[in-house]
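Visitor: Structure provided below as structure tokens; questions to follow.
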Amino acid sequence: MQNSVVLILDFGGQYSQLIARRVREANVYCEILPYNYSLDKIKAKNPKGIILSGGPSSVFEENAPKCNDELFKMGIPVLGICYGGQLMAQVFGGTVSRADTREYGRTELNILHNDGIFKSIDDDIKCLMSHTNFIGEAPENFVVTAKTSSCPVAAMKSIDGKLVAVQFHPEVEHTERGRDILANFLYNVCEITPDWDMGDFAKETIANIKEEIGDKRAICALSGGVDSAVAAVMVHKAIGSNLICIFVDHGLLRKNEGDQVEEVFRDKFNLNLIRVNAQERFLTKLKGVVDPEKKRKIIGEEFIRVFEEEKAKLKSQYDNIDFLVQGTIYPDVIESGTDKADVIKSHHNVGGLPEDVDFKLVEPLRSLFKDEVRSVGNKLNIPDEIVQRQPFPGPGLAIRVLGEITPEKLKIVREADWIFREEIRKAGLNRSIWQYFAALPNIKTVGVMGDERTHTHTIALRAVTSSDGMTSEWARIPFEVLDKISREIVNNVENVNRVVYDITSKPPATIEWE
């Protein structure tokens with residue numbers, strides 16, 4: 001699809017996804033792959049450059065993760081970051097040393113050569129270091145291009161300039177000119193012309209969908225969220241009336257959300273929409289279930305079963321319904337795990353799918369981050385009210401009601417969430433906060449209401465700022481706004497006597513509580 005691709009080999013670093021974001025911000029397409037991805041498969045992708053991520057391992061460990069050494073002989077540029085840089089040094093005979101103490105934080109970087117990745121960066125800069133080991137001596141035929149007071153080889157390059165290693169993290173905000181350093185690698189070292197454009201992506205993807213589906217029909221799993229909405233519009237542009245959108249109301253939606261979804265997509269977008277009211281079905285399946293992974297997998301399987309049943313009902317009217325369209329995006333794929341990566345949580349449309357799916361999946365947004373999906377939505381002229389809608393998980397309130405799900409708990413969290421979102425909107429904070437919602441922890445606390453002792457539910461509020469959902473900071477909502485939200489919830493939501501605010505970032509937490 002795109003003219004150039006950069007591959008990021010992931011050694012388990014906490015910033016691997018952030019590297020990908022920075023590369024794409026430079027209008028260059030990239031993919032994250034396991035560190036031991038097959039060399040033949042790497043060659044088949046014909047990358048213009050490769051980036052080796054950082055990671056928690058030590059190159060001295062017996063089973064330290066390593067890529068194929070032949071990677072460095074492919075003749076294409078390679079950038080090693082932190083662990084990736086140490087691995088490069090070790091492969092070529094350099095010295096990797098153990099630090100007496102772990103170096104973490106902003107450090108003065110003394111740039112020795114203003115070319116390659118440091119082109120047009122004339123002054124010393126502050127960079128983020130995060131390591132226990134470091135490159136003590138550069139290999140033969142490598143040149144040291146930067147150092148710090150405690151790290152003699154903070155950056156190095158091969159004589160021909162194609163192999164580059166840095167001990168610091170250029171991808172993080174704490175590194176000054178970090179974006180410029182990565183852009184220099186992409187543009188000057190890899191000689192890539194930036195061609196990753198959302199408009200072109202949309203046109204090419206629509207054309208590919210049209211070719212793949214042809215004159216057959218597809219069912220779209222439409223939730224009303226940003227991802228499924230953009231996916232639906234793209235496929236609708238490709239195959240028109242051959243797309244049948246199915247909106248499953250599983251009883252786990254926010255207040256009034258089912259009616260809103262139906263109104264927007266049937267009346268405004270003129271899509272062929274079928275609404276399936278399956279509230280009782282899902283709640284019955286979830287009865288007594290407390291484990292969040294089981295919840296996700298049950299919901300994922302039930303979604304598929306509903307689509308299969310609707311397909312069977314439609315057979316008398318249509319034929320060739322072979323495809324299922326989903327709004328899967330890249331963070332869903334990453335968090336659901338790969339063969340070599342841990343599962344953070346199974347997404348109902350990735351890790352939660354049953355093995356015997358009776359559809360060919362069409363996932364036009366699978367390679368995109370959330371902000372890129374919004375950009376595609378803008379290119380497709382989807383109304384701002386949809387494109388800018390805050391994320392809502394496929395399992396819905398099932399993962400915002402901790403523990404067993406009951407109608408009473410769902411009612412409580414719906415009402416509290418409604419008040420929270422309304423007060424955020426009234427305060428004019430709805431555009432500056434990435435995601436905000438109420439959750440119902442599985443705890444009850446003692447309170448006093450009307451001079452009487454109470455022992456009832458606590459509501460937890462969660463609000464974060466982010467660009468793509470891979471990392472986030474807790475939102476600094478003004479105290480007076482939080483105070484009003486708390487009072488409104490306690491005064492208006494039955495069986496709630498306490499409100500708490502989650503001030504944990506991602507990592508170490510995830511955005512959702514389950």
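Visitor: Check Asp227, Asp259, Asp180, Asp215 and return the single one that is over 30 Å from Arg400 (Cα atoms) and not assigned by TED's automatic domain parsing to the domain that holds Arg24.
Guide: Exactly one of Asp227, Asp259, Asp180, Asp215 is over 30 Å from Arg400 (Cα atoms) and not assigned by TED's automatic domain parsing to the domain that holds Arg24, namely Asp215.
Visitor: Mind telling me which of the residues Lys411, Lys484 ends up being in a helix (DSSP H, G or I), within 20 Å of Val290 (Cβ to Cβ) and charged (D, E, K, R)? Please lay out each step first, then the result.
Guide: Values: Lys484 fails: within 20 Å of Val290 (Cβ to Cβ).
The unique qualifying residue is Lys411.
Visitor: Quick check on segment 96-118. Is at least one of its residues within 30 Å of the chain's Cα centre (by Cα) and among the hydrophobic types (A, V, I, L, M, F, W, C)?
Guide: For segment 96-118, residues within 30 Å of the chain's Cα centre (by Cα) and among the hydrophobic types (A, V, I, L, M, F, W, C): present.
This table checks each residue for (1) hydrophobic (A, V, I, L, M, F, W, C); (2) within 19 Å of the chain's Cα centre (by Cα).
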| position | (1), (2) |
| --- | --- |
| Glu408 | no, no |
| Glu423 | no, no |
| Ala427 | yes, no |
| Phe437 | yes, yes |
| Thr445 | no, no |
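Visitor: Hey, any hits in segment 251-271 for a residue that's in contact with a Leu (Cβ under 6 Å, 6 or more places away or on another chain), at pLDDT 90 or above and crowded, with 17+ Cβ neighbours inside 10 Å?
Guide: Looking through segment 251-271, at least one residue is in contact with a Leu (Cβ under 6 Å, 6 or more places away or on another chain), at pLDDT 90 or above and crowded, with 17+ Cβ neighbours inside 10 Å.
Visitor: Could you name every one of the strands (runs of 3 or more DSSP E) located completely within segment 98-161 that has at least 2 residues being within 21 Å of Ile19 (Cα to Cα) and among the polar types (S, T, N, Q)? Full working, then the answer.
Guide: Values: elements: 125-137, 142-147, 155-158.
Strands (runs of 3 or more DSSP E) meeting the threshold: 125-137.
Visitor: Could I ask something else about it? Is it true that some residue in segment 58-76 is closer than 16 Å to Met156 by Cβ and not aromatic (Phe, Trp, Tyr)?
Guide: Step one: list which residues in segment 58-76 are closer than 16 Å to Met156 by Cβ, which gives 59, 72.
With not aromatic (Phe, Trp, Tyr) added as a condition, the list becomes 59.
Scanning segment 58-76, I find at least one residue that is closer than 16 Å to Met156 by Cβ and not aromatic (Phe, Trp, Tyr), so the answer is yes.
Visitor: Limited to segment 5-29, what total is found for residues that are of a type in the set (A, V, I, L, M, F, W, C), surrounded by fewer than 24 Cβ atoms within 10 Å (Cβ to Cβ), touching a Pro at 6+ places or on another chain (Cβ under 7 Å) and farther than 19 Å from Asn68 by Cβ?
Guide: Residues flagged as of a type in the set (A, V, I, L, M, F, W, C), surrounded by fewer than 24 Cβ atoms within 10 Å (Cβ to Cβ), touching a Pro at 6+ places or on another chain (Cβ under 7 Å) and farther than 19 Å from Asn68 by Cβ within segment 5-29 amount to 1.
The values are calculated or read from the model by the stated rules, or taken from the named source; none is laboratory data. None of the values given here were measured: they were computed from a predicted structure. Neighbour counts are summed over all protein chains in view; Cβ atoms, including those assigned to glycine, are modelled from backbone coordinates with ideal geometry.
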